[in-house]
1. Filtering region 279-301 down to residues that are open to solvent by less than 10 Å² (accessible area, probe 1.4 Å) and of a type outside the set (A, V, I, L, M), which residue is farthest from the chain's Cα centre (by Cα)?
2. Please verify whether Ile322 is closer than 21 Å to Ile404 by Cα and touching a Lys or Arg at 6+ places or on another chain (Cβ under 8 Å), treating the condition exactly as stated.
3. Of everything in region 399-448, what is within 20 Å of Phe464 (Cβ to Cβ), assigned to a strand (DSSP E or B) and not aromatic (Phe, Trp, Tyr)? Give them in sequence order.
4. Please specify each residue of region 304-324 satisfying the condition of being open to solvent by 10 Å² or more (accessible area, probe 1.4 Å), assigned to a loop (DSSP other than H, G, I, E, B) and not aliphatic (A, V, I, L, M).
5. For region 562-590, which positions are under 30 Å from Thr499 (Cα atoms) and buried (at least 16 other Cβ atoms within 10 Å of the Cβ)?
6. Would you call Thr252 over 19 Å from Ala178 (Cβ atoms) and open to solvent by 30 Å² or more (accessible area, probe 1.4 Å)?
7. Across region 213-223, which residue is farthest from Ala166 (Cα to Cα) among those that are crowded, with 21+ Cβ neighbours inside 10 Å and either modelled with pLDDT under 95 or β-branched (Val, Ile, Thr) (or both)?
8. Restricting to region 462-493, name every residue that is open to solvent by less than 30 Å² (accessible area, probe 1.4 Å), in a loop (DSSP other than H, G, I, E, B) and modelled with pLDDT of 95 or more.
Amino acid sequence: MTTTTLNISNTAGLNTYQYRCVATNTGGSANSNAALLTVITGVNTPTGTLTWTGTFGTDWSQACNWSPASVPAVGNDVVIPNTTNDPIIGASINALAKSVEVQAGALLTVAANGSITVNGSKTVSSIVAAFHNIGTTENNGIISIGTTTSSGTNGLLNKGTFNNNAAAELRIDNATSAGLNNNAGTFNNVAKIIVGFNTSTGSNGVSNSSTFNNQSTGEIRIDRTTNSGFAYCAGTTNIYGKIIIGANAALTYNGFLNVATFNNNLGGEITLDRSSGSGLFVRSGTFTNAGKITLGSIAAIGSSGMLVDATFTNTATGETTITNTSTGIYNRSGTVNNAGLITLTSSPTGLRNSVTFTNQSCGRLNVLNALNNDIGANFTNLGYAFVGGNVSASGTFTNNGVLIKGSFSGTIINATNPSLIVNNNPTNTTIFSYGGTYNGIIDGIFTDPNATASAGMFTSPNTFTPSGALPGGSQTLYAKVTPSGGSCFFIVPFTYVVTIPAPVFSVHPSSANKCAGVATSFTVAAANASSYQWQISTNGSNNWANVAASGIYTNVTTTTLNISNVTGLNGNQYRCVATGAGGSTNSNVATLSVIPATLTLVSPTDDINTNAGTKQAAQTITATNKLTAPASVIYQAGNAIMLSPGFVADNGVIFLSQIGGCN
């Protein structure tokens with residue numbers, strides 16, 4: 001070589017070789033001191049402890065960087081002390097270890113596309129864990145813990161700084177107490193953490209006692225814990241990304257346990273399912289939600305979606321949704337403040353309050369089913385509260401905002417100017433119940449939940465003139481209400497009934513006398529009717545049946561019933577049933593009398609001694625009966641009237657016989 005630097009590409013076989021440089025110029029030549037090359041040959045050390053030295057650089061896979069000189073394998077406990085050259089698990093390197101200990105001041109870096117798999121555990125300062133981080137770990141690749149073997153009490157114990165960086169993954173299984181225990185350090189996640197995907201990590205999936213930050217791109221998935229998916233034992237937890245618990249497998253007890261300070265910030269999303277205990281248990285400390293919390297959207301959670309014994313605050317940007325549990329929120333001994341949106345669709349109880357619940361100004365509380373305010377408890381609504389079921393106001397229930405409810409028991413205090421109750425099934429002058437002189441604005445009554453289509457004219461304080469276009473019957477209308485100050489508005493659904501009158505007949509069918517063999521018809525007219533059905537009775541109105549459109553009957557569902565031949569229908573009665581949106585109405589009854597072709601009058605059966613009206617036959621009357629005073633009668637036939645022997649009309653009888661046509 002003729003340069004100032006000699007490069008040797010492979011030192012194999014060059015152990016104890018010496019090298020020197022000869023420098024030459026016009027004045028002559030000079031030799032450098034000799035340099036001895038010592039080639040260290042790595043040894044296979046399948047078990048025991050390997051300590052990082054970094055003697056020859058930062059390459060994890062270089063045996064000479066370890067003492068003894070061996071690349072860590074599945075049976076090695078790895079110790080990384082504070083050295084000049086910190087280890088790097090490079091791209092495409094799949095490192096192995098039984099356990100890892102990153103000591104104070106040390107730095108371990110897993111490069112992008114690099115990985116380390118840890119199967120085993122080690123005791124450090126009386127704590128058993130697979131991965132002890134007391135220094136700093138920068139993960140840009142994949143760290144897998146406990147994939148095949150128990151990782152001990154803790155999968156990952158952090159007492160230093162652990163950064164799970166962009167595109168990285170941290171996978172933890174097979175622990176007995178906590179998958180990830182952030183004991184005394186700072187944990188920052190901007191990528192993906194998967195805990196308990198294959199096997200349980202014991203009591204807690206993630207346990208935080210210090211500072212834990214899940215950034216906006218961070219995603220944490222937790223399954224198969226025996227106590228809590230995420231436990232906040234001390235310190236502060238800040239969430240800006242996603243936490244997904246119980247999406248794949250059940251948790252034996254709580255989804256979340258909070259005993260410190262937990263902040264689900266704007267942009268943070270917490271989703272929880274399949275807990276057998278409470279979804280979120282705020283046992284002590286403070287839990288503040290400015291992002292989204294969704295409990296029970298995929299599968300059922302325990303008896304309480306949220307159990308509060310401390311302080312839970314849902315800020316103005318917070319959205320909390322709870323379903324698939326028997327009680328959505330149970331505020332057992334704490335304080336709940338809502339300035340955002342809480343939606344509880346759990347059944348049978350959406351909200352149970354035993355201490356203090358305050359729905360702040362502009363806060364929106366939607367309870368699909370029952371709300372129970374226990375004896376001694378204080379529930380205060382300053383914003384908007386919707387309760388679809390029963391309000392049990394055993395404690396102090398104060399409405400200083402906008403309230404709509406189903407039924408209620410107890411006393412609701414509705415006594416100030418901002419106090420407004422929207423009533424279901426009101427009259428046109430009772431939609432609202434005011435506590436005083438309302439200091440907000442009723443912007444109108446609408447048919448749609450966006451309050452864009454008017455349902456009619458509203459005149460303050462409480463007069464509603466519905467639009468004629470509203471359909472009949474029960475429907476949902478929406479009142480738009482802007483409280484005093486105008487910083488927010490509420491669109492409040494309520495049940496409203498439009499009563500449409502039943503059909504009213506202006507023309508009833510008339511009874512008819514018709515000769516056998518002829519046709520006839522009955523006609524009606526009715527208002528508020530959209531359909532008609534003619535009916536018949538053959539037993540004096542005791543029973544009625546629909547007339548079928550067959551044989552002699554046509555137009556049985558119109559205003560006019562046509563009968564083509566009345567023969568055999570004498571004494572039948574007919575009526576029309578008119579039906580509309582307001583119900584059904586029966587017309588008066590019309591009787592059809594059919595005149596026979598011949599009529600025979602015999603004595604004594606047909607003797608007459610009173611006013612008998614007219615005796616009719618379409619063709620012939622044959623009479624052998626007796627008429628005695630003061631009888632009055634007319635015999636009328638189309639062809640002949642035969643007064644045969646035996647017929648008698650005494651003195652004082654009025655008798656008239658007529659030959660005439662038949663209708």
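1. Restricting attention to region 279-301, the residues satisfying the condition of being open to solvent by less than 10 Å² (accessible area, probe 1.4 Å) are 279-280, 282, 287, 289, 291, 293, 295-296.
So of that shortlist, the ones also of a type outside the set (A, V, I, L, M) come out as 279, 287, 289, 291, 296.
On the way: Gly279: 16, Phe287: 23, Asn289: 19, Gly291: 18, Gly296: 9 Å.
Ranking the candidates gives Phe287 first.
2. The answer is no for Ile322.
3. The answer is Val402, Leu403, Ile404, Leu420, Ile421, Val422, Ser433, Ile441, Ile442, Asp443, Gly444, Ile445.
4. Asp309, Thr315, Thr317, Thr323, Asn324
5. At the first step, the residues of region 562-590 found to be under 30 Å from Thr499 (Cα atoms) are 574-589.
Of everything in region 562-590, those that are under 30 Å from Thr499 (Cα atoms) and buried (at least 16 other Cβ atoms within 10 Å of the Cβ) turn out to be Tyr574, Arg575, Cys576, Val577, Ala578, Thr579, Gly580, Ala581, Gly582, Thr585, Ser587, Val589.
6. For Thr252, the condition - over 19 Å from Ala178 (Cβ atoms) and open to solvent by 30 Å² or more (accessible area, probe 1.4 Å) - is not met.
7. Only one residue tops the list, namely Ile222.
8. Across region 462-493, the qualifying residues are Asn462, Cys488.
The values are calculated or read from the model by the stated rules, or taken from the named source; none is laboratory data. Bear in mind that the values here come from a model prediction, so they are computed numbers and not experimental data. Using ideal geometry, Cβ is built from the backbone for each residue, glycine included, and neighbour counts are taken over all protein chains shown. These area figures cover heavy atoms from the full protein model, side chains too; ligands, DNA and RNA do not enter into them. Shrake-Rupley method; radii C 1.70, N 1.55, O 1.52, S 1.80 Å.
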